[in-house]
Amino acid sequence: MNSILPQYRIERVRYELLKRDVTVISVERNGNGFARIVLSGEELAGFQSSSFDDHIKLLFEDEAGQDVGRHYTPRSWNAQSNELVLEFALHGAGVAAQWAEHVQPGERIAIGGPKGSMIIPAQQDWHLLVGDASSLPAICRRLEELPATSTVDVLLLRPEGLARWSLPQQERWTVCQLSEADALLDALHSWEVPAGHGFAWCAGEADLMRQVRSILLDEKKLPRVGIKVAAYWRQGLADFHERLS
């Protein structure tokens, strides 16, 4: 993997960073622990989201009247219908989760970004996706974008007591949902690196992702150019996002 063929190379695209005022046009809370919220509006003209790894920032006003932002992955973007879909884990804490729990169609909100896209080619020989509930929208989007013939392994940490998530499935895809962090780490220890050139994408709680990163780099000997590990959140912090690899 010292010389990366063009079909495997990651492309980085930058966008003009804009603040946009948008309107909630539909809300669906289907009992799986998530809310699907569709946004639209004239100011979405020119919006771009070329990667499942993208992030936008939702802009809220806290109780003190200060602006606060929270990062979310565009679940999908349709330029023809001018609709941006987001999914929120309804964990009950934080300004964004509370907003998603109670927002109704017709309400307005401001968004910013994305600043750019890291486009990971789908033509990898294999794909590894690891995460928790915070990464589920990105992972589902990635699975929907990958060819059915891809070799894919997915390890997900699902909150205990929550029904199994429904994810896209193909013959060469393995999806494992676990309710304990230790079980997810054990599964990753047992995972065998497939042959060929692949990419491991992982996101979730900071401490868990640091352990995931260590396994991939130190134990599995994956090259740094072949992984991305991001901490989407951290216990006790309201707004946290950090790239670890």
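Of the strands (runs of 3 or more DSSP E) lying entirely inside region 46-89, those carrying at least 1 residues that are in contact (Cβ under 8 Å) with a residue 40 or more places away in the chain and of a type in the set (Val, Ile, Thr) are 56-61, 67-72, 83-89. Scanning region 121-132 for residues that are closer than 24 Å to Leu58 by Cβ and in a loop (DSSP other than H, G, I, E, B) gives a single hit, Asp132. Apart from one condition, Gln170 fits all of (1) more than 23 Å from Leu90 (Cα to Cα); (2) crowded, with 16+ Cβ neighbours inside 10 Å; (3) of a type in the set (S, T, N, Q); (4) touching a Ser or Thr at 6+ places or on another chain (Cβ under 9 Å); the exception is (2). Could you check, for region 29-44, whether at least one of its residues is within 30 Å of Leu162 (Cα to Cα), of a type in the set (Gly, Ala, Ser) and part of a strand (DSSP E or B)? Checked region 29-44: at least one residue is within 30 Å of Leu162 (Cα to Cα), of a type in the set (Gly, Ala, Ser) and part of a strand (DSSP E or B).
Listed here are the residues, each with its yes/no results for (1) in contact (Cβ under 8 Å) with a residue 24 or more places away in the chain; (2) touching a Leu at 6+ places or on another chain (Cβ under 6 Å).
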| residue | (1), (2) |
| --- | --- |
| Val154 | yes, yes |
| Gly161 | no, no |
| Glu171 | no, no |
| Glu180 | no, no |
| Ala195 | yes, no |
| Gly198 | yes, no |
| Cys202 | yes, no |
| Val225 | yes, no |
| Ala230 | yes, no |
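Being among the small types (Gly, Ala, Ser) and closer than 11 Å to Ile111 by Cβ narrows it down to one of Gly41, Gly33, Gly65, Gly46, so name that one. When all the criteria are applied, what remains is Gly41.
Scanning region 104-120 for residues that are farther than 21 Å from Glu145 by Cβ and part of a loop (DSSP other than H, G, I, E, B) yields Gln104, Pro105, Gly106, Glu107. Given the residues Glu145, Glu101, Glu83, Glu107, which is the only one that is in the same structural domain as Glu42 (by TED's automatic domain parsing), within 19 Å of the chain's Cα centre (by Cα) and acidic (Asp, Glu)? Every option except Glu83 fails the conditions. Among the residues of region 189-207, the ones that are surrounded by fewer than 20 Cβ atoms within 10 Å (Cβ to Cβ) and of a type outside the set (Asp, Glu) come to 9 in all.
The values are calculated or read from the model by the stated rules, or taken from the named source; none is laboratory data. Since the model is a prediction, treat every value here as computed from it, not as a measurement. Because the Cβ atoms are built from the backbone with ideal geometry, glycine has one as well, and the counts that use them run over all protein chains shown.
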